[in-house]
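Working notes, beginning with the structure itself.
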Amino acid sequence: MLKPLLPQFDPANESAYQQWRQQKLLDYPTRIEQLLIEIENPARLSQTERAAMLQRIGKSNMAVFAGPGGGDPDKAIPRRLGAQFGLRSLDNNTGADDDGITALEVKNDSWHGQYIPYTNRPIHWHTDGYYNELTRQVYGLQLHCVRMAAEGGENALMDPEIAYILLRDRDPALIEALMHEQAMTIPENRVDDRIDRPDRSGPVFMAGPGGSLHMRYTARKHNVVWRDDDLTRQAVTALQEILNSDLPFVYRATLQSGQGLISNNILHDRSGFNDDDEVPRLLYRLRYFDRVTADRELDKQPF
Ligand SMILES: [Fe+2]
């Protein structure tokens, strides 16, 4: 049984939705620069820097930071930065190093080569860990750029709450279709004829911590089987139109060395890129079972 969502996300509760929607869209950022915060030391943010980032995340579910020390591959930097937002429990996913942090770079061995994140090819729109069990969803995501590509490697970014609004404004029935527990099925993954992950079904929109809106999605057609139903098909088509639009809600950014993203697992894609062989692109990816929190007490807990 899935957990309940906050009242504004209930398709039957029009007044709560309208009230929340009005607040959400009031002064909503339309340029990526509005989400960019300069920080001096990612391992220890000033109160002003942290508050500025929390404000952006509160509004848009994401903030982009620009710190010094680009090129420093010390993984303690992103780990400490995340902890200051309550992001601590890392998803030790396949491909992550022992510490749960994944080094995204082009890797040519046969295991990595079958997974697009470790190539220089484009990655379609998705949220991270959509294939995880429903009880082990990724609610927080940090990307941390150590070295940028010589060319390309741009991310498009979109707040799932905006995707929700644009769909619900078209037709609340589209939201209901995407909340169905069988809306999307991720087919099993086999490695050398062994089932690494069984078929997994679940909704696109579901409750995250505290009834927040959590989204599971991938645009990669062979990674998902959609529920065989007219409304689901309409909803998926409408969502694709929104993501591929040039609406000001779709941000684009190429993270530079020392820059990164703290988010509540927003929708994103990545363009293809070309490396300089001497200094290839390196991004750290940190997936968390936590959502961003402003609770300062969390900073004081040991790792
Ligand atoms: Fe991703």
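The values are calculated or read from the model by the stated rules, or taken from the named source; none is laboratory data. Nothing here was measured: the structure is a model prediction, and the numbers come from that model. Quick reminder, even Gly has a Cβ in these numbers, built from the backbone with ideal geometry, and neighbours come from all protein chains shown.
Give me the pairs, please: first residue somewhere in the stretch 202-217 and of a type in the set (Phe, Trp, Tyr), second residue anywhere and outside any strand (DSSP E or B), beta-carbon distance under 7 Å, and either six or more positions apart or on two chains. So the pair list comes out as 205/164; 205/175; 205/178; 205/179; 217/127; 217/130; 217/204.
Of everything in the stretch 182-216 that's surrounded by 15 or more Cβ atoms within 10 Å (Cβ to Cβ) and aliphatic (A, V, I, L, M), which residue is nearest to the chain's Cα centre (by Cα)? Filtering first and then ranking leaves 215. Provide a single number: the residues in the stretch 257-276 that are polar (S, T, N, Q) and closer than 17 Å to residue 123 by Cβ. Here the count works out to 4.
Of the candidates 116, 101, 32, the single residue that is touching a Leu at 6+ places or on another chain (Cβ under 8 Å), farther than 16 Å from residue 292 by Cβ and at pLDDT below 95 is 101.
Scanning the stretch 110-151 for residues that are surrounded by 15 or more Cβ atoms within 10 Å (Cβ to Cβ) and hydroxyl-bearing (Ser, Thr, Tyr), we see that the one that is farthest from residue 2 (Cα to Cα) is 119.
Comparison of 238, 219 shows that the only residue that is within 19 Å of the chain's Cα centre (by Cα), surrounded by fewer than 19 Cβ atoms within 10 Å (Cβ to Cβ) and closer than 17 Å to residue 124 by Cβ is 219.
Note on the stretch 166-205: residues that are over 15 Å from residue 134 (Cα atoms), of a type in the set (S, T, N, Q) and modelled with pLDDT of 95 or more amount to 0.
Of the residues making up the stretch 1-18, those that are assigned to a helix (DSSP H, G or I) and among the small types (Gly, Ala, Ser) are 15, 16.
Name every residue in the stretch 155-175 that is charged (D, E, K, R), closer than 14 Å to residue 236 by Cα and surrounded by 19 or more Cβ atoms within 10 Å (Cβ to Cβ), in order of residue number. Matches in the stretch 155-175: 168 only.
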